[in-house]
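**Student:** Shown below is the structure under consideration.
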Amino acid sequence: MINLFEYQNQEPFEADQFDELELFLDDIWNKREKSSYFSVSEDEELVEAQRFLQLLRKEHHLKSNKYVGVIHFNKQTINLLPKVFFQNGKTYTEKDVRSINAHVLWWLSYCRKLRFPNYQTGLTNEKEDFFEILIYLFSKYTKQLLSSSIFQQYVNVERDLNVVKGSVNFNAYVGNHISRGNYHHIPCSYDSFELDNKFNRCIKYVAELLLSVSKDSQSKRNLIDILFILDEVSEESITANQCRSIQFNPMFKEFETVRDYCILFLENSVSFNYKSSLQLFAFLLPMEYVFEDFVFGFIQMEIEELNAKAQISNTFLDTNRHFALKPDLLLNYKDQHIVADTKYKIVNLDEQDSKRGISQSDLYQMVSYAIRFESKKIILFYPNSINAIEPCEIKTLQIQDMLAEGQEIEVKAYQIPFIQNLELVAKQDSNTISKSFDTLRDSLKQNLINILDKQTKSNS
């Protein structure tokens, strides 16, 4: 098992496997635009070579970039882990990796773009492989759902029947049947309530893919049971876009979660059977977007008195509307408007550093938000890290806008507790680990409320 933290450590890798690994990752990279999480920058769009890992051939080492997840390659597991958990000189055990994966799962449970039913089961799961955890959650939920209710849908069917049903294709009847004396063969077109529909074919396709790569016995049993239930469903290759196009009426709303899981597996850099002789696959997500999505989703779900909007894109910096301004969050709290932005960076808490890790470009960005959205108060949210567990106010900057009659813009930066002590989590048993994340939830909620209260009081 190779553990790589974003931009932090390097780990040795076999020199003769670099080329094969690079081809595999290039293939994944060029499919990334299908994912809702991969809103890459313009310069990345032009690059065909993968940016998931740095392949340091001269040193025979691997180094991670900004992605988290797992890569299975030639019987090796390469874990790509969030940088906020990195401690220089620490040897990370399987329990540590499981604890980190539990955090990632907890974050994703709040993300708007992904839905994780029964994610609490994943928190207590003994699997150190994050991808195996996701397979288990999908297989367990889908099996339980299909065991009680199978999705059926009206599908347009064209068949030759002995009696008329629906509408008759007279051209086909005259040209293909009457001319040959097959008067009893009537080509009909009708709607039929069918088990063999696009959604069930999608489930079957994903279940077969996951069965080919999963090593977990319980997940395999669940997937085999799913395939048994869907035995009469046709086998068909399904893309993430095809799966995304499937819509449900309110009667079948519970199936939306299964569809979202299928999209998750099909679009988020998952590759199967890259070579016929090997089982290579990967599941990778850009961590900066996960952090942004988590903060927004958490605020929406946990703070009822707060109205949040995300990524407003109809405001521009210039009059020609070339440069769009997209703050991560527009918050309405106690009748006051607050602009907030998330920055997935490890800040410098050294009081000797006057900037405290806040970059000049970030500050310019915040000032432009303040001007265009007519907000005197800007909040920057940074993550806490394993080296700085306790939340804190990082920095307050006062900026005087001479173009607006000397009005002051206040930018406040906060480190928020979205992780907890790794060793404490690793030592907990399955009965108490969920309570630990409940504590983390309550801590983050209270800290966010305190921050917002401070902002609104200073505005009044």
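The values are calculated or read from the model by the stated rules, or taken from the named source; none is laboratory data. Everything quoted here is computed from the prediction, not taken from an experiment. So basically every Cβ, Gly included, is an ideal-geometry build from the backbone, and we count neighbours across all protein chains shown.
**Student:** The conditions are (1) in the same structural domain as C262 (by TED's automatic domain parsing); (2) over 28 Å from the mean Cα position of the chain (by Cα), and F138 fails exactly one of them. Which is it?
**Tutor:** (2)
**Student:** If you don't mind, another one. Please list, ordered by first then second residue, the pairs with beta carbon atoms under 7 Å, 6 or more apart or interchain, first in segment 142-168 and among the charged types (D, E, K, R), second in a loop (DSSP other than H, G, I, E, B).
**Tutor:** Within 7 Å, the pairs are D160/H185.
**Student:** Next question. Is there a residue in segment 80-97 that is among the polar types (S, T, N, Q), modelled with pLDDT of 85 or more, under 22 Å from K345 (Cβ atoms) and crowded, with 17+ Cβ neighbours inside 10 Å?
**Tutor:** Quick first cut of segment 80-97, residues among the polar types (S, T, N, Q) only: 87-88, 91, 93.
When the remaining residues are screened for being modelled with pLDDT of 85 or more, the result is 87-88, 91, 93.
Right, trim to under 22 Å from K345 (Cβ atoms) and you get 87-88.
From what is left, the residues that are crowded, with 17+ Cβ neighbours inside 10 Å are none.
Scanning segment 80-97 turns up no residue that is among the polar types (S, T, N, Q), modelled with pLDDT of 85 or more, under 22 Å from K345 (Cβ atoms) and crowded, with 17+ Cβ neighbours inside 10 Å.
**Student:** Counting only residues that are in a helix (DSSP H, G or I), modelled with pLDDT under 85 and farther than 22 Å from E132 by Cβ, how many does segment 205-243 have?
**Tutor:** 1
**Student:** Let me ask you something else. Give me the residue from segment 272-324 that is modelled with pLDDT of 70 or more and assigned to a loop (DSSP other than H, G, I, E, B) and, out of that set, farthest from the chain's Cα centre (by Cα).
**Tutor:** Across segment 272-324, the extreme among qualifying residues is E305.
**Student:** Return yes or no: is Y141 surrounded by 17 or more Cβ atoms within 10 Å (Cβ to Cβ) and modelled with pLDDT of 85 or more?
**Tutor:** Numbers: surrounded by 17 or more Cβ atoms within 10 Å (Cβ to Cβ): yes; modelled with pLDDT of 85 or more: yes.
So Y141 fits the description; yes.
**Student:** Name the single residue that is nearest to T77 (Cα to Cα) among those in segment 169-221 being without any contact (Cβ under 8 Å) to a residue 12 or more places away in the chain and polar (S, T, N, Q).
**Tutor:** Looking at the filtered set, the residue picked out is S217.
**Student:** Quick one: count up the residues across segment 208-247 that are surrounded by fewer than 15 Cβ atoms within 10 Å (Cβ to Cβ), of a type in the set (G, A, S) and closer than 17 Å to F138 by Cβ.
**Tutor:** 2
**Student:** For S147, state whether it is within 47 Å of the chain's Cα centre (by Cα), outside any strand (DSSP E or B) and not basic (K, R). Give the derivation first.
**Tutor:** On the way: within 47 Å of the chain's Cα centre (by Cα): yes; outside any strand (DSSP E or B): yes; not basic (K, R): yes.
Taking the combined requirement at face value, the residue satisfies it.
Matching residues to (1) small (G, A, S); (2) closer than 27 Å to F252 by Cβ; (3) over 49 Å from the mean Cα position of the chain (by Cα):
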residue: V163; (1), (2), (3): no, no, yes
residue: N171; (1), (2), (3): no, no, yes
residue: H177; (1), (2), (3): no, no, yes
residue: Y183; (1), (2), (3): no, no, yes
residue: L195; (1), (2), (3): no, yes, no
residue: K198; (1), (2), (3): no, yes, no
residue: A207; (1), (2), (3): yes, yes, no
residue: S212; (1), (2), (3): yes, no, no
residue: K215; (1), (2), (3): no, no, no
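**Student:** Considering only residues that are among the polar types (S, T, N, Q) and assigned to a strand (DSSP E or B), look in segment 150-194 and name the one that is nearest to R221 (Cα to Cα).
**Tutor:** Result: Q153.
**Student:** Also: Which count do you get for residues in segment 195-204 that are assigned to a helix (DSSP H, G or I) and either of a type outside the set (V, I, T) or not assigned by TED's automatic domain parsing to the domain that holds H72 (or both)?
**Tutor:** Here is the first cut: in segment 195-204, the ones assigned to a helix (DSSP H, G or I) are 198-204.
The next check asks that each one be either of a type outside the set (V, I, T) or not assigned by TED's automatic domain parsing to the domain that holds H72 (or both); those that pass are 198-202, 204.
The total comes to 6.
**Student:** Only one of these is surrounded by 12 or more Cβ atoms within 10 Å (Cβ to Cβ), over 24 Å from Q8 (Cα atoms) and at pLDDT 85 or above: I451, I399, I419. Name it. I'd like the intermediate steps shown before the answer.
**Tutor:** Details: I399 fails: at pLDDT 85 or above; I419 fails: over 24 Å from Q8 (Cα atoms).
Selected residue: I451, the only one of I451, I399, I419 that is surrounded by 12 or more Cβ atoms within 10 Å (Cβ to Cβ), over 24 Å from Q8 (Cα atoms) and at pLDDT 85 or above.
**Student:** A follow-up question, please. In this structure, is N249 under 29 Å from the mean Cα position of the chain (by Cα), of a type in the set (S, T, N, Q) and under 30 Å from A282 (Cβ atoms)?
**Tutor:** no
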